[in-house]
1. In the list A:56, A:67, which residue meets the criterion of being surrounded by 18 or more Cβ atoms within 10 Å (Cβ to Cβ), at pLDDT below 95 and in a helix (DSSP H, G or I)?
2. Out of curiosity, is residue A:46 at pLDDT 90 or above, more than 14 Å from every other protein chain (Cβ to nearest Cβ), farther than 26 Å from residue A:186 by Cα and surrounded by fewer than 18 Cβ atoms within 10 Å (Cβ to Cβ)?
3. Does residue B:25 fit the bill of being in contact (Cβ under 8 Å) with a residue 24 or more places away in the chain, in a loop (DSSP other than H, G, I, E, B) and of a type in the set (Gly, Ala, Ser)?
4. Residue by residue through the range A:240-265, note down the ones that are free of Cβ contacts under 8 Å to residues at least 24 places away in the same chain and in contact with a Cys (Cβ under 7 Å, 6 or more places away or on another chain).
5. Does residue A:387 satisfy the condition of being more than 22 Å from residue A:92 (Cβ to Cβ), more than 8 Å from chain B (Cβ to nearest Cβ) and at pLDDT 95 or above?
6. Right, residue B:268: part of a helix (DSSP H, G or I) and either at pLDDT 95 or above or surrounded by 20 or more Cβ atoms within 10 Å (Cβ to Cβ) (or both) or not?
7. Given the residues A:393, A:372, A:397, which is the only one that is of a type outside the set (Val, Ile, Thr), touching a helix residue (DSSP H, G or I) at 6+ places or on another chain (Cβ under 6 Å) and either on the phi < 0 side of the Ramachandran plot or more than 10 Å from every other protein chain (Cβ to nearest Cβ) (or both)?
8. With the range B:71-146 as the region, which strands (runs of 3 or more DSSP E) entirely inside it contain at least 3 residues that are in contact with a Phe, Trp or Tyr (Cβ under 9 Å, 6 or more places away or on another chain) and surrounded by fewer than 23 Cβ atoms within 10 Å (Cβ to Cβ)?
Protein chains: 2
Amino acid sequence: MRGVTMGIREDVHQMKMLSPTVAASSIELRNRALEAVAAALREHAAEIFDANARDLEEAKDVAPAVLKRLTFREDKLEDVLAGIRQLIDLPDPTGVHLLDRQLDRGLELHRITVPIGVIGVIFEARPDALVQISALCIKSGNCAILKGGRETAKSNRILFEIINQAVTGAGLPAGMLRQAEVHTEIDELLTCERDVDLLIPRGSNAFVRYIMDHTKIPVMGHADGICHIYVDRDADQSRAIPILLDAKTQYTAACNAVETILLDRAIAADFLPRFAFAMKEAGVVLRGDQEVQDCLKNALREQGETSRAKEKQSAIEIRDLTETGYATEYLTLCASVKLVDGVKEACAHINRFGSHHTDCILTENDLTADYFLQMVDSAGVYRNCSTRFADGFRYGFGAEVGISTSKLHARGPVGLEGLVTYKYQLIGHGQIVGDYASGKSHFHFEDL
Amino acid sequence: MRGVTMGIREDVHQMKMLSPTVAASSIELRNRALEAVAAALREHAAEIFDANARDLEEAKDVAPAVLKRLTFREDKLEDVLAGIRQLIDLPDPTGVHLLDRQLDRGLELHRITVPIGVIGVIFEARPDALVQISALCIKSGNCAILKGGRETAKSNRILFEIINQAVTGAGLPAGMLRQAEVHTEIDELLTCERDVDLLIPRGSNAFVRYIMDHTKIPVMGHADGICHIYVDRDADQSRAIPILLDAKTQYTAACNAVETILLDRAIAADFLPRFAFAMKEAGVVLRGDQEVQDCLKNALREQGETSRAKEKQSAIEIRDLTETGYATEYLTLCASVKLVDGVKEACAHINRFGSHHTDCILTENDLTADYFLQMVDSAGVYRNCSTRFADGFRYGFGAEVGISTSKLHARGPVGLEGLVTYKYQLIGHGQIVGDYASGKSHFHFEDL
């Protein structure tokens, strides 16, 4: 196979030259290729599960949460097949006319979406991610070079071979997909700025930051996911607890899990004990400054009249903040807590310490909510729901290649739309600029 | 004034904190500010012209083309005022709902355009550029830090003061615009990646490349403008010459001027002498490889029967290509010429040597044209018109901050739309992800 004998650099150069042909393929062909991929995955399910079992055997010492991510069995297969079916049903993201304008008689401008070209995706050890990312690139007419985590190398290899064969069998050009299997190939890939149009790294903060700092290729994604929930004085407190628990504990290792909870001082004495107790019950360690620690102690003391409250009191506490404080992405059963003077201070804190990923306000007050949604400068600004909704599937995009905290191009969960750009076509009949500069001709812009 | 006493770093940090407030300003306020700017520019015209005259006096030794760019008199004032009026009439680029989707009952997702935030624009010595860029940033609700070329320092200063006072007088926050006047401030600005969301450098290739290589801030723009025109076998040859002359000579220093002309071999012997003669008459020096030089010599010899042709012959020639050949952006009355075997080789050459800026095919053949428009991987792909049309004004954008050859975010001439991003708002009523993971709740995506 080509991938084995040639270097990354040559392969991506071939891809770059191939990319206009892939971009010119019809949506019917691309959808047929996706159907072929789905059929082949089902047909070869046993081999895939077998390869995955061997990966899991080697990885048996890792944490249960990680093991779950590495696993690819019937349920994951069903999920990715459902995702492919969703993608097939979505309209072609390319060839969309974003603008059709007559500049003058016989001089027409069109802005039309086209694939980005060659995309490098470096992702964590999750076999289902390989399938989803390939499918998104096929649907959007992009060439892709894929590097998955080494813990699922055997699963990745067979999945890639199945997908690649199905794609070329359906009639798309051979070489539009390529798998990188060796970690050193990443560094080679980072130097291919002439041939790779976009890099999408996923994984640990340190890894993503390394990619961002060591390449001239545009990078889409996020290093940090420091998400906040602000509990406003007008929050429905009974509804707040389940949201906070979901955002912190439903999947702690996710980038959209909450890391810092901001409490309005106006309700802190009332809400903090209940909140801290619920978190304690869920195994969450809270960290905060002296003020919030004192606030909890005082609140517990005042409530300490009943014996039940006394019982609680002994069980809950807020520990000291770590050194990096509010800029920490715990990714574990730990959260920072801070008291703020209402929505204004909450927004200022989030814009200062957050990572512009996803931040939420809990309030029943429309004016306060509007202020928060307007002033917080993040990809996702939420009201009265869990930050864990920040995800391409949950947004109905069919799949996502990642979540972007950059403000350019795509922001938030990135599906098909983030994998296309546009070009301007200008169709004339001999027009020259000199005639417009001299006043002989005049523009009369008219959108068609 | 603040700009005099504080450093760039502090100023852009203030701007960053201010940017959500600027973003929240109403379009009525932003349009009123633009009206105030226009009125103030007209009111203070004499002072502006006076400052500009002093700039020109100091710059009197520069080339006439440069001097023309530095000059700001009544005609340029009228142009920028017309641009501001056009901008006022354009719809608000912010607050546009790109997506409204119900994810489930009572859980609504909105994708809404918002200003990018803090934008740094570093531009050549052109006083009108300062006005246009400020106006685009005001209209789009962005904070901006502006650094213009030093040759028009006096003009820049008074223009900036007039604009800034008008903007704050109209009610927009003081500090949303800032001027940098010292060249060393650019290096300081490049390190402000926490506070500056986007840099737009304009100017020489070397300067733009320097910016791109020395900052972690996303950069939008272009270093090279190596534009091509391919003259196909089915071109209307009489129409080809005026287009080629316009693209090369109408403004040679522009990034959208043509640098390389590709001729279909099928018509080279016929077209080359006429083309070379027309270029010679316009003072353009042609450069090419041995093949194209021989082709011209042979064609002239064969046509050399008539005395008139003999006369021409002595006057025209094609010189040797320079070392960097087809990757050279001449920006002068010089062009590369190359023979190719039809549209396929033309596209391959352009994708290999071009800078993905603007490239054009001259042909009357629809199929050939479609192939070219599809396969050439550039921001602008043109048919039968001059490459010089690649410009925000000529596209009807009112103004442009620059032309992007990047594929991410904005491509080609960048007007208001390139100065906004979007955020996702998710409005819930207590929804948590756990309920969807457990199957208790289900998404039913429905676009509203």
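The values are calculated or read from the model by the stated rules, or taken from the named source; none is laboratory data. What you see is a predicted model; the values in this text were computed from it and never measured. Neighbour counts are summed over all protein chains in view; Cβ atoms, including those assigned to glycine, are modelled from backbone coordinates with ideal geometry.
1. Of the residues listed, the single one that is surrounded by 18 or more Cβ atoms within 10 Å (Cβ to Cβ), at pLDDT below 95 and in a helix (DSSP H, G or I) is A:56.
2. yes
3. Here the answer is yes, as residue B:25 does meet what is asked.
4. none
5. When the stated conditions are applied, residue A:387 passes them.
6. It is true that residue B:268 is part of a helix (DSSP H, G or I) and either at pLDDT 95 or above or surrounded by 20 or more Cβ atoms within 10 Å (Cβ to Cβ) (or both).
7. After ruling out the rest, the residue left standing is A:372.
8. Answer list for the range B:71-146: B:97-104, B:107-115.
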